[in-house]
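The values are calculated or read from the model by the stated rules, or taken from the named source; none is laboratory data. For clarity, every value in this text was computed on a predicted model and none was experimentally measured. FYI the Cβ positions are ideal-geometry reconstructions off the backbone, even for glycines, and counts take in every protein chain you see. Only protein heavy atoms, including side chains, enter the accessible area calculation; ligands, DNA and RNA are left aside. Shrake-Rupley method; radii C 1.70, N 1.55, O 1.52, S 1.80 Å.
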Amino acid sequence: MIGSILTHLGAAVGGYLSGSIPFAYVIARKKLGLDIREHGSGNVGATNMWRVGGARLGFLCFVLDIAKGYVPAALAFRFGGETAAMLSGTCAIVGHVFPIWLKGSGGKGVATAAGAFLAIAPVPFLYAFTTFLVVGPLATRTVSAGSVAGAVILPYVAWSTASRPVAWLSILLGTLVVYKHRGNLSRLYNGTEARIWNGWESSSPNREPGITAESAPVLAEEKR
């Protein structure tokens, strides 16, 4: 009993600490010499990193944000089973959204949630990730549309391929993702959502030109 409690406690703490590593903030500081919270949308995540720092840094941040959800959840699954993995993955997402190091000012948790579900339920993850790619970067050229579409597909697939606890967790996290993107949904409807690239005719991402620590203030509307 005590061993199980300690395992689950370690999974929760480890997941939160891993998720709270603000990779977008660190990369922007080290590579660009700026505070990512003061540029682009002000969001501490891979999409804003892509917008502010370009495709290479954005992709690096995306991979690292996935890893900080996957690693603790996979370790928890290995040593504590599915429940511990769910707890660790959830805490990793909470850590990304509310990182202790940045006084709770984090990202939207999509990439970290993807990493957690890759470890917990790979089949629903694959369906959701494929939906994200098709609807997001390929069809609409926006991350937000793909994120919301993936969040909708995830619980649908999880309900038929994973355990009931995982399915309920996918509903909870999917709802959180949609809620965090409510401002993006409004801009998608109005046709004003920022695109991450300009289509097959150009491989350049939709980024801010000449970014410096003194330029590109936060877009207040996008931060909502």
Cα extents of segment 1-137 along the principal axes, largest first, in whole Å, come to 48, 34, 18
Just to be sure I understand: if I project the alpha-carbon convex hull of segment 127-194 onto a plane and average over all orientations, what area do I get in nm²? 4.1 nm²
Using a 1.4 Å probe, what is the accessible area per residue for the chain, in Å²? 50 Å²
To the nearest 10 Å², what's residue 186's accessible area with a 1.4 Å probe? 60 Å²
Within the chain, what whole-number % of the accessible surface is contributed by carbon and sulfur, with the 1.4 Å probe and all protein chains included in the calculation? 67 percent
Using the Cα atoms of segment 40-81 to build a convex hull, what is its mean projected area in square nanometres? 3.1 nm²
What distance in nm separates the simple spin-label points at residue 163 and residue 13, each placed 7 Å from Cα in the Cβ direction? 2.4 nm
Sorted by accessible area (1.4 Å probe), largest first, how do 182, 37 line up? 182, 37
Can you tell me which lysines have their Cα less than 24 Å from the Cα of residue 180? Leave out same-chain residues fewer than eight positions away. 68, 103, 108, 223
